[in-house]
Each structure stands twice: as C-alpha cells, then as structure tokens.
Amino acid sequence: MKISIFGSGYVGLVQAAIFADVGHRVICMDVDQARVERLRNCDIPFFEPGLADIVRAAQANGLLSFTTDAREAVQASDYLFICVGTPSAADGSADMSYVMDVADTIARLMSSRKVVVTKSTVPVGTADAIKAHIAGALQRQGRSIPFAVASNPEFLKEGSAVKDAQSPDRIIVGAESPEVIDEFRHMYQAFNRNHEKLMAMDPRSAEMTKYAANAMLATKISFMNEMANIAESVGADVELVRRGMGSDPRIGYQFIYPGCGYGGSCFPKDVRALKHLATENQRSAAILTAVHDTNQRQKNRLSELLMGRMGADLTGKTVAVWGLAFKPNTDDMREAPSRYLMEGLWSCGGKVQAYDPQANAACADLYGEREDLELTDTKEAALEGASALVICTEWKAFWSPDFEHIKATLAQPLIFDGRNLYNPAHMEELGIEYFGIGRGRSIQQPAT
Ligand code: UDX
C-alpha cells in the first residue's frame, strides 16, 4: 500500500520504518530539511534500539524515502498519516496547530481519494474537525474529491517502540465506514497475526481510548507513589506492599512501581490535555488533577529526602547523579525527574556530577555550559568527590554496581535511590546509608 507519514519524530519515524519493513511503500515527509538529510543518511535524531537498522534496510530496498516536498507526499500516496507533535499549550490543552497545518496542506494538494489518519495523540473530536476543515477547503476551491478521516492512535513506549509497533497489544481504528476499516485490516495484516487485535470503533472513541489508557497508567503510578509516601511514614516497605498487591490478578504487577515520578513526552502532556477536555465539557477532573499534582510533588521527593539528610545549604557540596533520561533505553529528558532534582540542588548552591548512558548530550543541550554541572563519561567518575549518590533512572548498568567502590569514592557512603534498585538490609550490612522511596526509612533513621 502507498503510505505517507507527515512528521518524522518519534511516532512518525517508527511507524514509517515498520510499515516499510513489511513491504508498504512509505514516504516520510518533514518540513525540517536538516532532519530529512540526516534521515536519508540513516542518522536517527534520537536513541531508539533497533530503529536505525530497519530505516537503513528499508531505504536500501527503496520502500522508505524521506522528503520535504509536501506535494509529493500528498499525491503519491493513498493513506496520509498525521504524526506531528501536539505539545501542551499554556492552558494545558493540546496545541493542534501542527496537526491542522498538515490538514491544510493535504486539502490544498490532494487530487485523488485519500484516507487521512491521525496517529498523534489528539483531543476527542479532532478527526471530525479535520474532516470539516478539508471538506470546507475543497468546497472553497470548487473541487470535489472523496476522502475519509480515521483515528489510529499509537501505543509505543520509548525504548521499546520498534518492538511495540511490530507486536501491538491492539490496533485501534476509529473510522466511519466499514470500507475504511477493511483497508486498515489490510494495512496492518503483518502485525495482526496470532489473534485478532484490530478493534474498530468510531473516531471519537478511538481518540478517547488513547487518552484514557495513558491517564489510567499515570493514575497507577501516582497511586503507588502516594502509597509509598504513606508507607515511609508508617514504617512499612512499599516494595513488599507492591508485591502483595500485584499478586491479585485484578491489580497485576505492571506499572505499580513507585519512584521519583513519571516523565516523558506522553503521560504529563496527556493527563493535562484530558483534564482540560474534562473541564471544558463541565465534567469533573478530580482524579486527573490529583494524578498530576501527586506526580509534581513526587518529582521533588528526591530533593526533599536529600535536603532532609544533608540540610538545605549545599554550598560547596557535590552530588553524584546516576540517570538523566526519564526512563531507561532512551535519551529523552522531557519532564524527567532528574531535572527537578538537579534544579533543586542548584537552587541550594549544590554542584551536580551526572552520568547517563545515553542522555548526557541531551542534558548538555538543555542546560548548556554551567559551573555547577559536570557530565561524566562513566558512572564511577560521577562519584569522585561527591557527598552522596542519587539515582534517577533505572538503567541496567546501575542495578549491581561495585558497592565497595561507591563507598570508597563518595565522601560519605550515602545513597538516595529514586527507583528502589537496592535492598535496604543489604545496604545496611555494607554500611551504606540508604534512602529509597517508601521503604520505611524515615522513621527508622531520623535525619541527622
Ligand atoms: C507511555 C505509554 O506507556 C505508551 O503506551 C504511550 O504510547 C506513550 O506513553 P513512555 O512515555 O515511552 O510510554 O514510557 P513508559 O514506559 O510508559 O514510562 C512512563 C513513565 O512512567 C516513566 O517516567 C517511568 O519511569 C514511569 N513509571 C512507569 C513509573 O514510575 N512506574 C511504573 O511502574 C511504570
């Protein structure tokens, strides 16, 4: 099938690559000339395991191409996927200007039947708005060309996006006509093999499914973070509580890890946007508000713990930070807990020595050169001369470090662990003072 993808960011590029990988002919269009040049050279602008190999192979066999030419992208394909960003606007709503710009371009340049698909996470009603927009534009131009609009939200996780796209849990298609649903069935045949994964519904329900799924996952995390903070105050260990809860199949083990808050490009933005949608429609957003507020507080939890122990004046003190990305296997620092921690430390006069296996460059871009930030090439180098170690991301490389080396290198053996990687009893045996999230520590060992 002939597919064009508008927007070569995370969602667009992964989708383009995996469609081309199974034999569709895919054109990926982006307005950013430099980005297109890089992609033509298989230089992927972000870190995503497995993606570069697929892009390289698909370009080599002619199934995937990159262009800045919108006319080519509109006219050469039957299926036009809108995969551009929908960032948070100042009021928390999703900024739809990029999506509507693409709809405009399509209306201007189309000359045969098109199916226009939204893959970006968009507010409920966007497919209808795009339909009205294109129909109005065609009418003004005095042209009558058939088209359909569908919603086909993505459920990719950064770091496993290729795998997620190749083996989706579900393929949600929101479209008005059975013919369009059939076209999607054909398009996704290669990814719909073991059992029926395609769920057909109306566009509004499809759009809402994506928001509701992300909001539910964010809710699980904020709920567990609240449990962790209660556990800490009453001397319980939330890691044991988590296991005890997760064993109930109605609750399940997934997505109930407490930590230093959720970050990334999706959860914070989508919770805000759904909250905005609720209030705009005079509906309660009480749960969404609590989920968001709890998460904002949790992102400051590591700073609070550290200052509770070390005091609020960190002048002359260096803190080692392991992990800058909002989660492992990505170099993405959008809304990452590490940023809240570092900014908290800086505001108290502290210096940061940080290491991340992939996100050092993103961190340098974000903060530029500053005296109170040093990015190191190894996790060991980050420890040198530091008064404490703080862990913000659970990269595999941090799971079993050489604790004797940590003890010998830090000015004092003190670890604040935002991901509960280590066993408090083991830390005690090693003589390391250890603060996790929700591990009963605060009542066992009052701040000194
Ligand atoms: C998420 C959704 O999982 C995905 O389906 C959607 O398409 C986009 O948003 P992503 O943002 O890539 O994907 O990351 P995810 O793995 O879901 O983690 C999000 C955040 O939640 C991370 O900061 C992670 O550390 C945190 N998290 C996750 C927890 O704190 N506890 C958990 O139990 C799980």
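The values are calculated or read from the model by the stated rules, or taken from the named source; none is laboratory data. On a predicted model such as this, the values are computed, not experimentally measured, just so you know. As a convention, Cβ positions derive from the backbone with ideal geometry for all residues, glycine included, and neighbour counts pool all protein chains shown. Quick note on the areas: whole protein, heavy atoms, side chains included, nothing else; ligands and nucleic acids left out. Shrake-Rupley method; radii C 1.70, N 1.55, O 1.52, S 1.80 Å.
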Helices (runs of 4 or more DSSP H) wholly inside region 1-67 that include at least 1 residues being in contact with a Pro (Cβ under 7 Å, 6 or more places away or on another chain) and without any contact (Cβ under 8 Å) to a residue 60 or more places away in the chain = 33-40
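Scan the strands (runs of 3 or more DSSP E) fully inside region 84-192 and keep the ones with 1 or more residues being under 27 Å from ILE44 (Cβ atoms) and not hydroxyl-bearing (Ser, Thr, Tyr).
Values: elements: 114-118, 147-151, 171-174.
Those strands (runs of 3 or more DSSP E) span 114-118, 171-174.
Would you check if there is a residue in region 102-117 being polar (S, T, N, Q) and over 19 Å from SER4 (Cα atoms)? Full working, then the answer.
Of all residues in region 102-117, those polar (S, T, N, Q) come to 105, 111-112.
Pick out the ones that are also over 19 Å from SER4 (Cα atoms) and you get none.
No: region 102-117 contains no residue that is polar (S, T, N, Q) and over 19 Å from SER4 (Cα atoms).
To keep it simple, each residue is scored yes or no on (1) in contact (Cβ under 8 Å) with a residue 60 or more places away in the chain; (2) within 13 Å of the ligand (Cβ to nearest atom); (3) among the aromatic types (Phe, Trp, Tyr); (4) part of a helix (DSSP H, G or I).
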| position | (1), (2), (3), (4) |
| --- | --- |
| SER205 | no, no, no, yes |
| GLU226 | yes, yes, no, yes |
| ASN229 | yes, no, no, yes |
| LEU240 | no, no, no, yes |
| VAL271 | no, yes, no, yes |
inquiry  = Looking for something open to solvent by less than 10 Å² (accessible area, probe 1.4 Å), within 20 Å of the chain's Cα centre (by Cα) and within 26 Å of THR330 (Cβ to Cβ) - is there at least one such residue anywhere in region 60-76?
reply    = no
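Do the conditions hold for SER151, that is, is it of a type in the set (S, T, N, Q) and open to solvent by 10 Å² or more (accessible area, probe 1.4 Å)?
No.
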message = What's the total number of residues in region 246-267 that are more than 12 Å from the ligand (Cβ to nearest atom) and either closer than 22 Å to LEU341 by Cβ or open to solvent by less than 50 Å² (accessible area, probe 1.4 Å) (or both)?
response = 1
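Quick test for you: out of THR289, THR315, pick the one residue that is open to solvent by 30 Å² or more (accessible area, probe 1.4 Å), part of a loop (DSSP other than H, G, I, E, B) and not charged (D, E, K, R). Step through it out loud before you land on a result.
Working: THR289 fails: part of a loop (DSSP other than H, G, I, E, B).
Within the list THR289, THR315, the selection yields THR315.
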